[in-house]
Structure formats: C-alpha cells, structure tokens
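Worksheet: the structure to be examined is printed underneath.
The values are calculated or read from the model by the stated rules, or taken from the named source; none is laboratory data. Since the model is a prediction, treat every value here as computed from it, not as a measurement. A quick note on method: Cβ atoms are made from the backbone with ideal geometry, for glycine too, and the neighbour counts reach across all protein chains shown.
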Amino acid sequence: MADEKQMSALLRRHEQLKRWQDSETNRVSGLPREDKIRVKFQDGCIFLAACSSSDTQEVKKLLDRGADINTSNVDGLTALHQACIDDNQDMVEFLVENKADVDVCDNEGWTPLHATASCGFTEIARYLIKHDANVAAVNNDGDLPIDICEDDEMENLLQKEMDNQGIDADSARSEEEDRMLADANQWLNSKIVKEKKHSKTGATALHVAAAKGYVKVMDILLQAGVDINAQDNDGWTPLHGAAHWGQEESCQILVENLCDMDIKNNAVSLR
C-alpha cells in the first residue's frame, strides 16, 4: 500500500511539473545571454523559494518584513500548495500556524486540499481539515477534492468529513453556478450591475462563467449588460478564458454576442 501511495504521489508530482513546464513561468529561453544583467528578485519569489527549501528562519524574517504569506507564482501556486505537493508536513504546519489561507486557489481553482488529495498525503489532509479546509471546494474542472483522489484511505477520510458536515457532493459541485445565476438574475431584474472584479486576478463574473461553461449564467449576465470584452490583470477577456478551457459553447455565445475577437492579452512574445 505504501509503495502504491508513493507511486501515486510521484505520478501526481510529475503531472504538476508538466503543468509548470507548459505554463507561462517556463517559457523563458534557457539560452545564455551576452548581456550581463543584474537581477533583483521580488520578495514574493524569495519567500516562495525559502518555503520550498524549508528555511523557516528565512521565512520568519521575510514575514517580519511584511511578506505576503499567500503570495503565489504566475500559476497561482502558493507556498502552502507547494508544501502540500512536496509532502512537507512541517512547512504546512508552519504556514497554517502563521495564518496562511487554507482555501486559497491556484489558477486552476485547486486548493491546498485538492493538491493533497491528488497526491494521497492523508496526514496533511487531516491537518488541513482540522484547520477548517473546505472539503466542498470546487476547482475549475468542477471537481471536489474527493473527485481527484485515487487513494482509498484519502477517499474514506474526505467522505467521512463530508458526511459529518452534511455535504452533498452534487449540490456542492453546482453551488457556485447556482449562486452566480441568482446574482445575475438580481442584476438583470434591478437593472443595476454590481460587478466587482476579483481582487487578485481582475476576473469578472463573465470570465468565470465563460471559463467554466456556465452558459445560463452567461446569458443572464449578457442580458444584464456586463462588459463582454472586460480584461483581467493578464489582459484576458472572457473569450480567452473560454478558449483556454475548451468551452466551445461559451465561445459560441460570446461570438454571437459580438465580442471582440482581436483583443490580445498581455503575453510577451519571446524571440
């Protein structure tokens, strides 16, 4: 059983690394440059590196200097996500004890519990649950942590906690869409759009609905008059999100409603 868990963890780690290799973070050329450039790393990068190396003294210093414990890399991975992926129980406990957000999401909507469930690290999962991690959190693919675990012990742990909290899996999966639909209808009926962009990503409700294929929500939002071409902090429009996540029907709705298909995001072309 232990060998199977290790193999599962290695496979999941391999998948996580593959996602990183395909991400914006890894698109910088590895070719040497003739220019000598002195690079000054941002505090967030230094903080994440210190956490990855388990240098708690350095992490404490950075926190004392005002480092954001929930800082993330370009893919939205925080130090807590990485500690969970690395099965670093000590760092997980250190971060949580210092008020790290146990339900913080990466760019794919994965919480630290999603990452832990995927890797099969039950002791870390127990610790996160003990510290109020949301077992009903839904990622961008519509999956709960229990949906992505392949370990019987992990599945039993998560199912028991869901039962204890009276959580129905199907209801949890549709909760976000139902909530967004209610908000969209309220905006439409009141003729007042109370749109607030995500504080971290700059995404709008239409970005979320398009990326996740919430077509009913999209229809109501567009009727309510939201900006179909709104750009998030990376310059992505709802069409960018829908295309990236393979939501064909979302793309069709946006095109039929005359979205601008020529808007470019903030990606830098590397030559």
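Here are a few things to note about the model shown:
- Checked against the criteria, G213 does not count as among the small types (G, A, S) and farther than 19 Å from D178 by Cα.
- Selection from region 73-104 of residues that are touching a Lys or Arg at 6+ places or on another chain (Cβ under 9 Å) and under 20 Å from D143 (Cβ atoms): D75, G76, I85
- Per-region count, region 89-109, residues polar (S, T, N, Q) and at pLDDT 95 or above: 2
- Residues in region 161-208 that are free of Cβ contacts under 8 Å to residues at least 24 places away in the same chain and closer than 19 Å to E249 by Cβ: S174, D178.
- In the set (1) modelled with pLDDT under 95; (2) in a loop (DSSP other than H, G, I, E, B), C45 fails one condition alone, (2).
- Among the residues of region 219-260, those identified as out of contact with any Gly (no Cβ under 8 Å at 6 or more places or on another chain), of a type outside the set (A, V, I, L, M) and part of a helix (DSSP H, G or I) are D219, Q223, P238, H240, G241, H244, E248, C251, Q252, E256.
- Of all the criteria given as (1) within 20 Å of the chain's Cα centre (by Cα); (2) assigned to a loop (DSSP other than H, G, I, E, B); (3) in the same structural domain as D219 (by TED's automatic domain parsing), the one not satisfied by E177 is (2).
- Among the candidates V208, V217, residue that is surrounded by 17 or more Cβ atoms within 10 Å (Cβ to Cβ) and over 30 Å from D68 (Cβ atoms): V217
- Single residue of D152, D132, D141, D101 found to be in contact with a strand residue (DSSP E or B) (Cβ under 8 Å, 6 or more places away or on another chain) and surrounded by fewer than 18 Cβ atoms within 10 Å (Cβ to Cβ): D101
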